[in-house]
Amino acid sequence: MTRQQRVLFGPPPPEWEEDEQSLRQVAQVVFSEPPFGPYDYLVPEHLRGIVDAGKRVWVPLGRGNRRCTGYCIGLQTGNTTGRRLKAVLKTIDEEPLWTPALLELARWMAEYYLSPLGQVLETIVPSGVRGAAGTRRKTLLSVPDSVLVRLGELQLPKKQREVLEFMAGHLDPLTAQEIADRCGCSVAPVQGLLKKGLLEATERRVSVFEPEARVVADSTAHDLTPAQQEAVDAIVAAIRQPAAQPFLLHGVTGSGKTEVYIRAIEEVERFGRQAIVLVPEISLTPQTWERFQSRFSRVAVLHSQLTPQERHWHWRQIAEGRVSVVVGARSAVFAPVPHLGLIVIDEEHDASFKQDIAPRYHARTVAQWRAKKSGVPLVLGSATPSLETWHASERGIVRRL
């Protein structure tokens, strides 16, 4: 519609207003319940740089403008002239919960499994992570740079100077009570510095949960049989390339498939990458994950028996790259590893890898897509492979070892 045409329907807006509308930022938002979306929402000026893809947002929905939780899946800047867009009210998350890689995975799953994108996003990130279980918002104090440069010029009471000098040499921000405890004083000197503007306060969500330490004795590697060595060599060659090569590790129970997995993961760890190992829920016993913990120092375990606090803690450890091996059941295929190097599915024929509620995904299919997209090997281990995997190995799509 041209400017002259719009005159027929009322006075046109000023040109400066049209220019402003052409530079507006718009967020695409989906919901986990009907109406699923996506819908466009205007990003207000004060939220620019804060609203981001992968974060949850509060937005008004419907004629009553009821406040709903939505998932921001993208941002774009464009012309909004003639469009009456509602504005994003607030962001919920400080950092994106869904990385660009997980958002791409979610879009593929929504299309492949014909599921609403919002439901897929909730499946990928557990409720304990979305609810920030085991964390609490705290006010943290630190010394501004402008105060550090004139620290020697300040005239302060003895206790306040001791507190300020302690914080100047401390890299991480602390709460007022933590500062008082470490300096051996009350919170009064801390509050005094805060009122004088010599300390600045920021509110941040911090973890208050620490899982119980599990002590596992180290185990030594066993000598490989010729068949095991051949399998390890093939997988390691694909890791070094790297290549999105799927393998079928076919061997009877007790033939040493787990040792092959471990040797391949050791190569992944040497490259500074992470591995995901999926096992059936019924097989995820303490003996199973202790087998991996005895060979690797940084192992995360994800399964249905974890509390929300434990699940969130492990998720954060994985996302921050502090874990080299993720062992878990079906949902561990979504682990947010920053540098994926290998995916292993033990007993790949097991029916528990198929979810029976929407989205009805199969972990093996998701793992195949994720391994191919990341360009890393996928190892499918079984004594009785599924018909799909066996047929793929017969056709040469999957390499049989």
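The listed residues are VAL232, VAL215, VAL236, and the only one of them that is at pLDDT below 80 and under 30 Å from LEU340 (Cα atoms) turns out to be VAL215. Within segment 334-384, the residues that satisfy the criterion of being touching a Ser or Thr at 6+ places or on another chain (Cβ under 6 Å) and either at pLDDT 95 or above or surrounded by fewer than 17 Cβ atoms within 10 Å (Cβ to Cβ) (or both) are ALA358, ALA383.
In segment 298-309, the residues that are free of Cβ contacts under 8 Å to residues at least 60 places away in the same chain reach residues that are exposed (fewer than 15 other Cβ atoms within 10 Å of the Cβ) and among the charged types (D, E, K, R) with C-beta atoms within less than 9 angstrom, at least six apart or across chains, in these pairs: ARG298/ARG322; ALA300/ARG322.
The set of residues in segment 367-389 that are within 12 Å of GLY341 (Cα to Cα) and of a type in the set (A, V, I, L, M) comprises ALA371, VAL376, LEU378, VAL379. Counting only residues that are under 28 Å from the mean Cα position of the chain (by Cα) and under 21 Å from ILE397 (Cα atoms), segment 243-259 holds 5 of them.
Counting the residues of segment 235-270 that are in contact with a strand residue (DSSP E or B) (Cβ under 8 Å, 6 or more places away or on another chain), hydrophobic (A, V, I, L, M, F, W, C) and more than 18 Å from ARG370 (Cβ to Cβ) gives 2. Applying the criterion of at least 1 residues that are at pLDDT below 90 and touching a Leu at 6+ places or on another chain (Cβ under 8 Å) to the helices (runs of 4 or more DSSP H) found wholly in segment 38-155 leaves 127-130, 145-148.
If you go through segment 239-254 one residue at a time, do you hit one that is within 23 Å of THR365 (Cβ to Cβ), modelled with pLDDT of 90 or more, part of a helix (DSSP H, G or I) and not basic (Lys, Arg)? So far as segment 239-254 goes, no, none of its residues is within 23 Å of THR365 (Cβ to Cβ), modelled with pLDDT of 90 or more, part of a helix (DSSP H, G or I) and not basic (Lys, Arg). Among the residues making up segment 53-82, those that are charged (D, E, K, R) and closer than 26 Å to GLY131 by Cα are LYS55, ARG56, ARG66, ARG67. Scan segment 275-301 for residues that are farther than 19 Å from GLY381 by Cβ and under 18 Å from the mean Cα position of the chain (by Cα) and jot them down. Answer for segment 275-301, where residues must be farther than 19 Å from GLY381 by Cβ and under 18 Å from the mean Cα position of the chain (by Cα): ARG298, ALA300.
The values are calculated or read from the model by the stated rules, or taken from the named source; none is laboratory data. Only a predicted model underlies this, so the values are computations on that prediction, with no experimental measurement involved. Methodologically, a virtual Cβ is constructed for each residue, glycine included, from the backbone with ideal geometry; neighbour enumeration extends over all protein chains shown.
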